[in-house]
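In what follows, a structure is listed as structure tokens, so that the remarks can point back to it.
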Amino acid sequence: MDVTFSDEQRDLRLMVRELLSREAGEGPASTIWKRLSGELGLTGITVPEEHGGAGASSIELGIVLAELGRALTPVPFLQTAVAATALAESGAALAAEVLPAIAAGELVAGLATPGPAAGYPSATRTADGLVLRGTLENVVDGPYLGLLLTPAVVEGATVLAAVRTAASGVTSTTLPTLDRSRPQARIVLDGAAAVELGDAAAASRADDLLLTAVAVESAGAARYCLNTTVEYLGTRVQFGRPVGTFQAVQHRCADLAVLVEAATSTAWYAMWAAGLAAGTGSGSAAVSAPLAKAYCADTFRTVAGEMIQLHGGIGFTWEHPAHRYFKRATSTDLLFGGRAWVRSLVARRAGLAGPARRGSRGATY
């Protein structure tokens, strides 16, 4: 396993970082989204070349996600990239239809949040495909989605399904959120026509891709919080000395640095394993994905909280960006299954806990 970036990968990181430092905007109508998709083609980074994408690996995807997390860029890239990867791997006819639009940034796609909250939608098979019924809570970037991927339960088995949000039988309601840079929606499916993309393994694979992407994004954001805090402590003077020269402050920063390094290693291993799983059927992603999400989200929240404390009075103000990172960290910790559920998933998949209990709609606990 080579843990170093190539020259091309370092150039990609620098290019994305420079773009994010210059541009601003929110959502798929923003200038930054148009540049990410149209100018750089990053929304199709994992889309095969025959469908208009770059055909890059999971590592290149992780580089972009880490930079977006570092800048807290409010665009639906994470969801779109995960959905595009799942569609490309499905080999379904729908994939060839929608992937060019996703790669061009013209279609925003996403995956319904995994977890046991309300269970997966129920599905029935018809001559034309699937019909879905159920409610999906806290769908990240839900107000932007044109195509929604979701696990569903049909005839007692879990499948991965895709439904267009503009179709009949789909109702999306924007929800109030703590983190305003990452909107959420409640999506009700009431007889919505859907396309079956794969079986239970495909549904689990899509969930793992989402958890891994969130882990890498969180690790990138946590590193930014640490670096920004250390830089501030080197310039803030108290009692005639930079605050960063006080031993107690140095010890706190050292502890945070250990957490960030561990989170970074965990996230990148999970992303590497996710790339292997697509090509070789490696099973390590089944454990590394939820483990990385749980650890990296927890680290992000810890470092973001310390960022506020170590910035002193300015860290508590609305003008300083520290509160934005803490809100994103808190939201991330609660989303995508939540801390307790994700850790129980790690235990089950690692063989450290008994079999999961299945709810009335197919959710596992």
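The values are calculated or read from the model by the stated rules, or taken from the named source; none is laboratory data. Values in this document were obtained by computation on a predicted structure and should not be read as measured data. Here the Cβ is made from the backbone with ideal geometry for all residues, glycine too, and neighbour counts use every protein chain on show.
Screening the candidates 69, 44 for the property of being under 21 Å from residue 142 (Cα atoms) and touching a His at 6+ places or on another chain (Cβ under 9 Å) yields one hit, 44.
Going through (1) crowded, with 19+ Cβ neighbours inside 10 Å; (2) at pLDDT below 85; (3) not hydrophobic (A, V, I, L, M, F, W, C) one by one, residue 358 falls short only on (1).
In the condition set (1) in a helix (DSSP H, G or I); (2) closer than 27 Å to residue 136 by Cβ, residue 313 is compliant with all but (2). Number of residues in region 298-329 that are more than 18 Å from residue 235 (Cβ to Cβ) and more than 14 Å from the chain's Cα centre (by Cα) equals 14. When residue 223 is tested against the conditions (1) among the charged types (D, E, K, R); (2) surrounded by 13 or more Cβ atoms within 10 Å (Cβ to Cβ); (3) out of contact with any helix residue (DSSP H, G or I) (no Cβ under 8 Å at 6 or more places or on another chain), the lone failure is (3). As a summary of the residue check, residue 307 satisfies the conditions (1) surrounded by 20 or more Cβ atoms within 10 Å (Cβ to Cβ); (2) modelled with pLDDT under 90; (3) hydrophobic (A, V, I, L, M, F, W, C) except for the one numbered (2). For region 323-341, the candidate set comprises residues that are outside any loop (DSSP other than H, G, I, E, B) and in contact with a Leu (Cβ under 7 Å, 6 or more places away or on another chain); within that set, the residue that is farthest from residue 229 (Cα to Cα) is 331. Applying a threshold of 6 Å to beta carbon distances and a minimum spacing of six or more residues, or different chains, the list of pairs starting in region 18-35 at a residue that is of a type in the set (Lys, Arg) and ending at one that is in a loop (DSSP other than H, G, I, E, B) is empty.
Does region 148-195 hold any residues that are more than 24 Å from residue 27 (Cβ to Cβ), of a type in the set (D, E, K, R) and either surrounded by 23 or more Cβ atoms within 10 Å (Cβ to Cβ) or modelled with pLDDT under 95 (or both), and which are they? The one that is more than 24 Å from residue 27 (Cβ to Cβ), of a type in the set (D, E, K, R) and either surrounded by 23 or more Cβ atoms within 10 Å (Cβ to Cβ) or modelled with pLDDT under 95 (or both): 155.
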